[in-house]
1. Of the residues that make up the stretch 247-264, is at least one within 21 Å of Leu209 (Cβ to Cβ), part of a strand (DSSP E or B) and modelled with pLDDT of 90 or more?
2. State all residues of the stretch 218-246 that are of a type outside the set (A, V, I, L, M, F, W, C) and assigned to a loop (DSSP other than H, G, I, E, B); if no residue qualifies, say none.
3. Trp103 fails exactly one of the following numbered conditions: (1) under 22 Å from Val162 (Cα atoms); (2) among the aromatic types (Phe, Trp, Tyr); (3) touching a Lys or Arg at 6+ places or on another chain (Cβ under 8 Å). What is the number of that condition?
4. Look at Ile224 and say whether it is over 26 Å from Ile75 (Cβ atoms), modelled with pLDDT under 95 and crowded, with 21+ Cβ neighbours inside 10 Å.
5. Please indicate, with yes or no, whether at least one residue in the stretch 129-140 is closer than 20 Å to Val70 by Cα, among the β-branched types (Val, Ile, Thr) and under 16 Å from the mean Cα position of the chain (by Cα).
6. Which of (1) over 22 Å from Ile59 (Cβ atoms); (2) not assigned by TED's automatic domain parsing to the domain that holds Ala247 is the odd one out, the single condition Pro193 does not satisfy?
7. Quick one: in the stretch 41-80, of everything that is in contact (Cβ under 8 Å) with a residue 12 or more places away in the chain, of a type outside the set (Lys, Arg) and not in a helix (DSSP H, G or I), which residue is surrounded by the most Cβ atoms within 10 Å (Cβ to Cβ)?
8. For the stretch 227-259, give me each residue that is basic (Lys, Arg) and surrounded by fewer than 17 Cβ atoms within 10 Å (Cβ to Cβ).
Amino acid sequence: MSNAKTVTEERWVSIGDAAELTGVNPVTLRAWQRRFGLVTPKRTAKGHRLYGREHLAQIEEILYWLNKGVAISKIKPLLADKELAIADSQALKVTASEQADLWQQHINQLNQKVINFNSQGLNDSLKQLSSLYPFSILLNKLYWPWLRCVDSILEQRLDGAVIESWLVDELAFYIAQKRRFDKKGTPKSPIKPALLVALERTDKWSPLLLSAELSSYGVEHQLIRLTDIKLLYLLVHRLNIRQLFIAPHVQSSAADIRQYQALLQQLSQPAPQDNQSLAEATELQVVNVHFVGIHANTVNQQLGRQRDSVAELLRSEGAIETDEHHGGNNV
């Protein structure tokens, strides 16, 4: 549970700085304190929160237990008697079992809201959960298990296609709102501007979760869907995009791979703008293209490219200092 940055005993940091150091956003830190009595900072004369070295260490310990599968509501006793908790592996297994049941309860509640077209209830539940858990925990414990469960349920319903269309729109709206909210509350990433592209035949959930993941790292971006990859060259240069994230097809054919190769070759050289010479254009940055998502491994392999997770890609670009807390998931 090491950290790239440390805080000396004499140095205290704001909640924003604590969020940047640990990868846990300010909303979650406040919720942990308010609801579970975790990580109680000292206050300035004006009431602003200040976090010291011990607070940051406690946040890292909480993240450790969350990644072990312990519910946030069960962590406080573990922090109070850490050595005993680690030694008592059987107790930890019981806690993990309870945690699995808890996540299933959340999934069941979300499913009920989906079946009933309960837009407000769905939005409120997702917002509450996102305030309690870092994105990587939600991704592995909630989002993917829930959406796969939804797919299974809707396949058996006569109105499944209608519900699915509604849910896609609802999640797209929720994630777009969250992207704008995270833009205010998350330290800005040096990666900008960025574009996330979902190609035709890309699965419906992966692009939405990729967008949520980029937002969790503070990457400002737009999510678009394209049926013709040839339009990307035009869009990228018109919008002055420097980072391009592509969620490829569910099953990319040999023809798709050839199109990806042609795009990579095109974008490896900057295009001159109006009234700009080729010599001036070469001084521009080239576009960095990343194939990401659950169907990206095969594409990257066929293109001879490294198969990195989103977190690893962002770390290599200097957008984040460590993927330890966010989990480094290849969504």
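The values are calculated or read from the model by the stated rules, or taken from the named source; none is laboratory data. Here the structure is a predicted model, which is why all the values come from computation and not from measurement. Because the Cβ atoms are built from the backbone with ideal geometry, glycine has one as well, and the counts that use them run over all protein chains shown.
1. The initial filter retains those residues of the stretch 247-264 that are within 21 Å of Leu209 (Cβ to Cβ), namely 247-252.
Those still in the list that are part of a strand (DSSP E or B) too: 247.
Filter once more, keeping what is modelled with pLDDT of 90 or more: 247.
Yes - at least one qualifying residue is present in the stretch 247-264.
2. Answer for the stretch 218-246, where residues must be of a type outside the set (A, V, I, L, M, F, W, C) and assigned to a loop (DSSP other than H, G, I, E, B): Gly218, Glu220, Thr227, Asp228, Lys230, Asn240, Arg242.
3. Of the numbered conditions (1) under 22 Å from Val162 (Cα atoms); (2) among the aromatic types (Phe, Trp, Tyr); (3) touching a Lys or Arg at 6+ places or on another chain (Cβ under 8 Å), the odd one out for Trp103 is (1).
4. no
5. There is at least one residue in the stretch 129-140 that is closer than 20 Å to Val70 by Cα, among the β-branched types (Val, Ile, Thr) and under 16 Å from the mean Cα position of the chain (by Cα).
6. Every condition holds for Pro193 apart from (2).
7. Per the stated criteria, the residue is Tyr51.
8. We begin by selecting, within the stretch 227-259, every residue basic (Lys, Arg); these are 230, 238, 242, 258.
Across the stretch 227-259, the qualifying residues are Lys230, Arg238, Arg258.
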